[in-house]
Amino acid sequence: MMSVIGILLITMMPTSLQGHTINVVPFQSMRELYDYGTDKAIFNNLVMNIVLFVPFGFFVYLMTKKEWLTSIFGCLFSISIETIQYILPIGRTTNIDDVILNVTGTLVGIILAYFFRKLEYFIFNYISRDKS
């Protein structure tokens, strides 16, 4: 729940009241950032969009134990955010690249949670057995 609240706080903050833009061409804004953006802008857009959804993927996977379901939740949540950003007059850009990066973050979270569960299983079954 904290991950969802954090994502909503970050993604729903108004940036300007001058209207909003929309990008539905995959990878267009990433190419433009690479060609014309600063290192800080590239980091903020690419890395932060991924990192933002890692905890979401991690915790949803731990709850559901289903990779595909967690991936679908991450995708639907990201699409919902982008849709709300388009509808509300908060000056945000609705961008397909954000959805791609958010789902990538969800997948990274799933991978981390998968290995966390394996480590937890190992610790519980092997290390705790040695102590008894």
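Exactly one of (1) part of a loop (DSSP other than H, G, I, E, B); (2) open to solvent by 40 Å² or more (accessible area, probe 1.4 Å); (3) of a type in the set (G, A, S) is unmet by G91. Its number?
Unmet for G91, out of (1) part of a loop (DSSP other than H, G, I, E, B); (2) open to solvent by 40 Å² or more (accessible area, probe 1.4 Å); (3) of a type in the set (G, A, S): (2).
Only residues that are in contact (Cβ under 8 Å) with a residue 60 or more places away in the chain, touching a helix residue (DSSP H, G or I) at 6+ places or on another chain (Cβ under 8 Å) and part of a loop (DSSP other than H, G, I, E, B): list them for the stretch 18-52, please. Before you say what the answer is, go through the steps one by one.
Applying the first criterion (in contact (Cβ under 8 Å) with a residue 60 or more places away in the chain) to the stretch 18-52 yields 18-30.
When the remaining residues are screened for being touching a helix residue (DSSP H, G or I) at 6+ places or on another chain (Cβ under 8 Å), the result is 20, 22-30.
Of everything in the stretch 18-52, those that are in contact (Cβ under 8 Å) with a residue 60 or more places away in the chain, touching a helix residue (DSSP H, G or I) at 6+ places or on another chain (Cβ under 8 Å) and part of a loop (DSSP other than H, G, I, E, B) turn out to be H20, V24, V25, P26, F27.
Just one of (1) at pLDDT 90 or above; (2) touching a Leu at 6+ places or on another chain (Cβ under 7 Å) trips up Y61, so point out which.
Answer for Y61: the failing condition is (2).
Quick one: how many residues across the stretch 38-71 are of a type in the set (A, V, I, L, M, F, W, C), more than 8 Å from the chain's Cα centre (by Cα) and open to solvent by 50 Å² or more (accessible area, probe 1.4 Å)? Full working, then the answer.
Residues of the stretch 38-71 of a type in the set (A, V, I, L, M, F, W, C): 41-43, 46-48, 50-54, 56, 58-60, 62-63, 68-69.
Going one step further and asking which of them are more than 8 Å from the chain's Cα centre (by Cα), we end up with 41-43, 46-48, 58-60, 62-63, 68-69.
Then keep just the ones that are open to solvent by 50 Å² or more (accessible area, probe 1.4 Å); that gives 43, 47-48, 59, 63, 68.
Residues in the stretch 38-71 being of a type in the set (A, V, I, L, M, F, W, C), more than 8 Å from the chain's Cα centre (by Cα) and open to solvent by 50 Å² or more (accessible area, probe 1.4 Å): 6 in total.
F27: more than 16 Å from the chain's Cα centre (by Cα), among the aromatic types (F, W, Y) and over 16 Å from L9 (Cα atoms), yes or no?
On the way: more than 16 Å from the chain's Cα centre (by Cα): yes; among the aromatic types (F, W, Y): yes; over 16 Å from L9 (Cα atoms): yes.
The answer is yes for F27.
Within the stretch 72-83, track down each residue that is open to solvent by 50 Å² or more (accessible area, probe 1.4 Å) and either in contact (Cβ under 8 Å) with a residue 12 or more places away in the chain or small (G, A, S) (or both).
From the stretch 72-83, those open to solvent by 50 Å² or more (accessible area, probe 1.4 Å) are 72-73, 76, 79-80, 83; that's our starting set.
Selection gives F73, I79, S80.
Condition first: touching a residue at least 24 places away in the same chain (Cβ under 8 Å) and either β-branched (V, I, T) or out of contact with any Pro (no Cβ under 9 Å at 6 or more places or on another chain) (or both). Now tell me which residues in the stretch 84-98 satisfy that.
Applying the first criterion (touching a residue at least 24 places away in the same chain (Cβ under 8 Å)) to the stretch 84-98 yields 84-86, 88-98.
Answer for the stretch 84-98, where residues must be touching a residue at least 24 places away in the same chain (Cβ under 8 Å) and either β-branched (V, I, T) or out of contact with any Pro (no Cβ under 9 Å at 6 or more places or on another chain) (or both): I84, Q85, Y86, I90, T93, T94, N95, I96, D98.
Here's the yes/no breakdown for (1) open to solvent by less than 80 Å² (accessible area, probe 1.4 Å); (2) touching a strand residue (DSSP E or B) at 6+ places or on another chain (Cβ under 9 Å); (3) part of a helix (DSSP H, G or I):
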site	(1), (2), (3)
Q85	yes, yes, yes
V99	yes, no, yes
V108	yes, no, yes
E120	no, no, yes
Y126	no, no, yes
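The values are calculated or read from the model by the stated rules, or taken from the named source; none is laboratory data. As the structure is a computational prediction, the values presented were derived from the model and not from experiment. Don't worry about glycine lacking a Cβ; one is built from the backbone with ideal geometry, like all the others, and counts go over all protein chains shown. Note: areas computed on protein heavy atoms with side chains; ligands, DNA, RNA excluded. Shrake-Rupley method; radii C 1.70, N 1.55, O 1.52, S 1.80 Å.
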